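The values are calculated or read from the model by the stated rules, or taken from the named source; none is laboratory data. Bear in mind the structure is a predicted one, so any value in this text is a computation, not a measurement. For neighbour counting, all protein chains shown are included, and Cβ atoms are generated from backbone atoms with ideal geometry for every residue, glycine included.
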Amino acid sequence: MKRKLSQQGFTLIEVMIALFVLLVALVGVASMATMVITGNRFNNDLTMATTLAEDKLEEMKQAGYAAITGGNDSQGIYNRVWTVTANTPETDMKRIDVTVSWSYRGLLRSMTLSTIMVDLS
């Protein structure tokens with residue numbers, strides 16, 4: 001009397017299919033991680049640019065209406081330009097625009113904040 005042996009384990013095809021599915025999942029996760037890191041870098045640059053623009057607006061507000069003039073400066077990778085337009089939008093008002101620009105992945109990026117100051121004297 002012969003005993004029939006049961007076959008246990010996986011075939012080579014089953015193992016290859018499982019590895020392929022695992023590989024596809026890992027490539028997707030790696031791709032998503034790269035996109036998240038890139039997005040975080042851009043958002044960090046944008047936050048820094050916004051902070052630099054807000055700092056300049058606050059500095060100009062503290063200087064007083066008469067002392068407000070245009071100019072520019074650089075801080076690291078950021079270039080900051082501020083323009084002052086007198087009598088805009090009305091007489092005895094100044095419009096202040098602060099633009100911060102930087103290079104990100106070979107492209108020039110910029111953001112602008114604006115405010116209006118009134119001569120209360």
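If the condition is being surrounded by 15 or more Cβ atoms within 10 Å (Cβ to Cβ), of a type outside the set (S, T, N, Q) and free of Cβ contacts under 8 Å to residues at least 60 places away in the same chain, then the stretch 94-121 contributes LYS94, ARG95, ILE96, ASP97, VAL98, VAL100, TRP102, MET117.
Against the criterion of being in contact with a strand residue (DSSP E or B) (Cβ under 7 Å, 6 or more places away or on another chain), loosely packed, with under 12 Cβ neighbours inside 10 Å and acidic (Asp, Glu), ASP45 does not qualify. Would the stretch 56-64 turn up any residue that is touching a residue at least 40 places away in the same chain (Cβ under 8 Å), surrounded by 10 or more Cβ atoms within 10 Å (Cβ to Cβ), within 22 Å of the chain's Cα centre (by Cα) and assigned to a helix (DSSP H, G or I)? Yes - at least one qualifying residue is present in the stretch 56-64. Based on what the data block shows, is THR50 at pLDDT 95 or above and part of a helix (DSSP H, G or I)? Yes; evaluated as a whole, the condition is true for this residue. Look at PHE42 and say whether it is of a type in the set (A, V, I, L, M, F, W, C) and under 28 Å from the mean Cα position of the chain (by Cα). Yes: the conditions hold for PHE42.
Could you please find all residues in the stretch 73-88 being within 23 Å of the chain's Cα centre (by Cα), in a strand (DSSP E or B) and either surrounded by 12 or more Cβ atoms within 10 Å (Cβ to Cβ) or among the acidic types (Asp, Glu) (or both)? ASP73, GLN75, TYR78, ASN79, ARG80, VAL81, TRP82, listed by residue number. Is it fair to say THR69 is among the polar types (S, T, N, Q), in a strand (DSSP E or B) and under 19 Å from ASP119 (Cα atoms)? No. The single condition from (1) surrounded by 12 or more Cβ atoms within 10 Å (Cβ to Cβ); (2) hydroxyl-bearing (Ser, Thr, Tyr); (3) modelled with pLDDT under 95 that THR91 fails is (1).
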